[in-house]
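The values are calculated or read from the model by the stated rules, or taken from the named source; none is laboratory data. Since the structure is predicted, the reported quantities are computational estimates derived from the model, not experimental observations. Glycine gets a Cβ as well: all are built from the backbone with ideal geometry, and neighbour counts include every protein chain shown. What goes into the accessible areas is simple: the full protein's heavy atoms, side chains included, and nothing from ligands, DNA or RNA. Shrake-Rupley method; radii C 1.70, N 1.55, O 1.52, S 1.80 Å.
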Amino acid sequence: MTNLLEIRDLRARIVGGRDILKGIDLDVAPGEVHAIMGPNGAGKSTLSSVLAGKPGYEVTGGSILYQGRDLLALPADERAREGVFLAFQYPVEIPGVNNMYFLRAALNAGRRQRGVPELDAAQFLKAVRDKLKLLDISDDLLRRAVNVGFSGGEKKRNEIFQMAMLEPKLAILDETDSGLDIDALRVVSDGVNRLRDPNRAIVLITHYQRLLDYIVPDHVHVLSDGRIVASGDKTFAAELERTGYAHLGSAA
Amino acid sequence: MSDLAMTERADAPPDTLDGLIKGTGDGYKYGFVTDIEADEAPPGLDEGTVRFISAKKGEPAWLLEWRLKAFHRWQRMAPPDWAKLNIAPIDYQASTYYSAPKANSGPKSLDEVDPELLKTYEKLGIPLGERAALAGVAVDAVFDSVSVATTYKDKLADLGIIFCSFGEAVREHPDLVRRYLGSVVPQGDNFFAALNSAVFSDGSFVYVPPGVRCPMELSTYFRINAAKSGQFERTLLIADKGAYVSYLEGCTAPQRDENQLHAAVVELVALEDAEIKYATVQNWYPGDENGKGGIYNFVTKRGACRGDRAKISWAQVETGSAITWKYPSCLLEGDGSVGAFYSVAITNNLQQADTGTKMIHIGRDTSSTIISKGISAGRGQNTYRGQVKVMPRAEGARNYTQCDSLLIGKKCGAHTVPYIEVRHPSAKVEHEATTSKISEDQMFYCQQRGLTQEDALSLIVNGFCKEVLKELPMEFAVEAQKLLAVSLEGSVG
Ligand SMILES: Nc1ncnc2c1ncn2[C@@H]1O[C@H](COP(=O)(O)OP(=O)(O)OP(=O)(O)O)[C@@H](O)[C@H]1O
Ligand SMILES: [Mg+2]
């Protein structure tokens, strides 16, 4: 199986700042779920930002191949339309923009890029209903403006709903489990499990073994001080829970 | 789940975003010139010019006298200097005050209208031919100084509604014109109103009889075509007791290097229990990115709620013009009358806008709402200037003002200048103001979901303006959203 994503010796920093990513190597194949753990400030969100193409970061070395193409050469919106999805650690509020309207615009932008017909209002509503059912979530957030006044848990749920609608090939979930109560955690992780697909890879950034009880990963990595310092299978997370990160050091 | 569908409709008309994409990338779309022979006054302004215009239009003596009185007043007046606008001195003798397509002796049946003019309006998206005409919208098309066509006139006449050019109203309904002309905006109200009163060319006239609800949108489409010509239209709209009318106006002009003057006057009169909704999408040529050319837009718009429980609402989307000086206002004379002002004003590049409203509470229990959204990009300067005045008799008056500014980039400016004067202790006046920047996080969030930078920007801006856009008639809301996107072209990235 060829890799969906190949990261080689990736180095990056905030523009004008010090290096945060200091040589990341990671291969992700379609259908796989990778968990990335590691201490605060290690560079996990930075990695997801660089993958998604957020402005303000500077790649100083290394490469990222996505579907065999140079991902770094594509602007952020094109990466998204090519199937890279980032569930934000802190989803952003957009006042006055209806959640449904936003989603339909996003969905049709991707469809245009892929050369498939856009969904009209009726088709879109049907898709919305199907996904709501699949994820077993209520429609109460859809009428409101994007993330405006949503609770922390509602924002995360909304991210997963967007992911379900946009059907990405590579989904990066940055601490989607943080701040969720037990019930919400179950809804979100059930949702993610239902979105597992042989053609979709998922990268989960998390601090908690608990999430990995619900979403069982194929691989677990530890990112520390800008490098992946250890990797293992699904049992590795439980081991980390006992031993912590400290003994892993930060040397590659 | 039909409520979902409803919500989506209410929040943003479907397919708008598609329109936005197609709408971008081609700058000001209406900058073309129609090659048509014109009958023009020589440039310059003196008593002779006023007489020339009046004679061209075959006006009665009273109207000529009225004009001359205004002209003499204007000669003694000075242009206002209190607005936050940087304007090079304007040479009023360099403008042309009358320009009409040749062989046009006022609006006539559509098959007599010069095909070149019909083509022009078609290009502007306003088909005038009866079969192609916009469904549910009656249009008066004003080209430079004259009205060239009015659609659906007969249908409206069946209901007793008069919708015609101002010139025709003077001929056919002189009593109504005489009674109301200048009754809301007196000749000497301000420099530009006086100028307009002296040299006004054409415009629209509407009268809706008692108890009649106008079944379609009435609209006027203003087009400046001739070089060096000013446009000085005059609109008078009267809703008699219990009548209802919704009116909208659109404006465009060719792309030219020199500035052109536009000084219009609009007067609205709403009698007892009448309601007037007046919407404007102003897209005069704004000048280029270096501030060369563009329309100077000095407009006086005022409505009088003359009867009890009368309602007047202004909704405006101001995207064009190099300079906008405009304060659509309401005189709330009748008890329980209601005024509203909803505004979106965009300034990009070197555009300047000083716009707002006046709500004058005269009767008891009058109420007014002001929602203003100013968007500044490039080196644009945007000022909201609003006055809320509660007179001694206006017991129980209420006003709510919300004034939001959005900045795109670092070189633009937003300013809010509210004047509040309350002379009755029972009045409740609330004012809220915010200034925000489009955050990079918002842009990135949208782009991460696949929207282009342009789409992301217009989505955020449209969201910012939502409370105003939803006050526009549906047909116009879509247009307005596209326009916002086009106006902000080149303001990011
Ligand atoms: N905008 C910024 N400006 C300056 N430094 C930044 C910025 N964003 C991140 N950093 C720094 O980069 C380092 C890595 O941050 P990052 O957010 O990637 O960590 P993380 O692994 O996601 O941490 P957490 O587990 O707390 O979310 C930190 O030292 C952080 O302070
Ligand atoms: Mg983080």
Residues of region A:53-72 being open to solvent by 40 Å² or more (accessible area, probe 1.4 Å), away from ligand 2 (no atom under 16 Å from the Cβ) and part of a strand (DSSP E or B), which ones?
-> A:E58, A:V59, A:T60, A:G62, A:S63, A:L65, A:R69, A:D70
Scan region A:108-137 for residues that are within 8 Å of another protein chain (Cβ to nearest Cβ) and buried (at least 21 other Cβ atoms within 10 Å of the Cβ) and report the count.
-> 4
Does at least one position in region A:61-71 carry a residue that is under 27 Å from B:T452 (Cα atoms), basic (K, R) and more than 15 Å from ligand 1 (Cβ to nearest atom)?
-> yes
Over region A:192-211, the set of residues away from ligand 1 (no atom under 16 Å from the Cβ), buried (at least 22 other Cβ atoms within 10 Å of the Cβ) and in a helix (DSSP H, G or I) is A:V192
Filtered residue count, region B:232-248, keeping only those that are at pLDDT 90 or above and outside any strand (DSSP E or B) = 4
Tally, over region B:257-301, of residues that are over 10 Å from the mean Cα position of the chain (by Cα) and not in a strand (DSSP E or B) = 17
For A:R81, are the conditions met, namely being crowded, with 17+ Cβ neighbours inside 10 Å and either away from ligand 1 (no atom under 16 Å from the Cβ) or among the aromatic types (F, W, Y) (or both)?
-> yes
All conditions in (1) out of contact with any helix residue (DSSP H, G or I) (no Cβ under 9 Å at 6 or more places or on another chain); (2) touching a residue at least 12 places away in the same chain (Cβ under 8 Å); (3) open to solvent by 20 Å² or more (accessible area, probe 1.4 Å); (4) of a type in the set (K, R) are true of A:K44 except (3)
Is at least one residue of region A:158-179 more than 15 Å from ligand 2 (Cβ to nearest atom) and modelled with pLDDT under 90?
-> no
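To keep it simple, each residue is scored yes or no on (1) modelled with pLDDT under 85; (2) within 14 Å of chain A (Cβ to nearest Cβ).
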| site | (1), (2) |
| --- | --- |
| B:C403 | no, no |
| B:K411 | yes, no |
| B:T434 | no, yes |
| B:D441 | no, yes |
| B:Q447 | no, yes |
| B:L457 | no, yes |
| B:M474 | yes, no |
| B:V486 | yes, no |
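Conditions tested, residue by residue: (1) assigned to a loop (DSSP other than H, G, I, E, B); (2) within 16 Å of ligand 2 (Cβ to nearest atom); (3) away from chain B (no Cβ under 14 Å); (4) not basic (K, R).
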position: A:T2; (1), (2), (3), (4): yes, no, yes, yes
position: A:I7; (1), (2), (3), (4): no, no, yes, yes
position: A:A12; (1), (2), (3), (4): no, yes, yes, yes
position: A:P30; (1), (2), (3), (4): yes, no, yes, yes
position: A:M100; (1), (2), (3), (4): no, no, no, yes
position: A:A105; (1), (2), (3), (4): no, no, no, yes
Take region A:73-98 and flag every residue that is more than 9 Å from chain B (Cβ to nearest Cβ) and either of a type in the set (S, T, N, Q) or in a helix (DSSP H, G or I) (or both).
-> A:A73, A:Q89
Residue list for region A:168-190, filter: in contact (Cβ under 8 Å) with a residue 60 or more places away in the chain and away from ligand 1 (no atom under 16 Å from the Cβ) = A:P168, A:K169, A:L170, A:A171
Tell me, yes or no, whether region B:409-424 has at least one residue that is part of a strand (DSSP E or B), open to solvent by 10 Å² or more (accessible area, probe 1.4 Å), among the small types (G, A, S) and closer than 30 Å to A:N108 by Cβ.
-> no
Filter result for A:V50 (away from ligand 1 (no atom under 15 Å from the Cβ) and open to solvent by less than 30 Å² (accessible area, probe 1.4 Å)) | no
Could you tell me which residue of region A:144-173 is farthest from the other protein chains (Cβ to nearest Cβ), considering only residues that are of a type in the set (K, R) and part of a helix (DSSP H, G or I)?
-> A:R157
For region A:1-32, how many residues are of a type outside the set (V, I, T), near ligand 1 (Cβ under 10 Å from one of its atoms) and surrounded by fewer than 15 Cβ atoms within 10 Å (Cβ to Cβ)?
-> 3
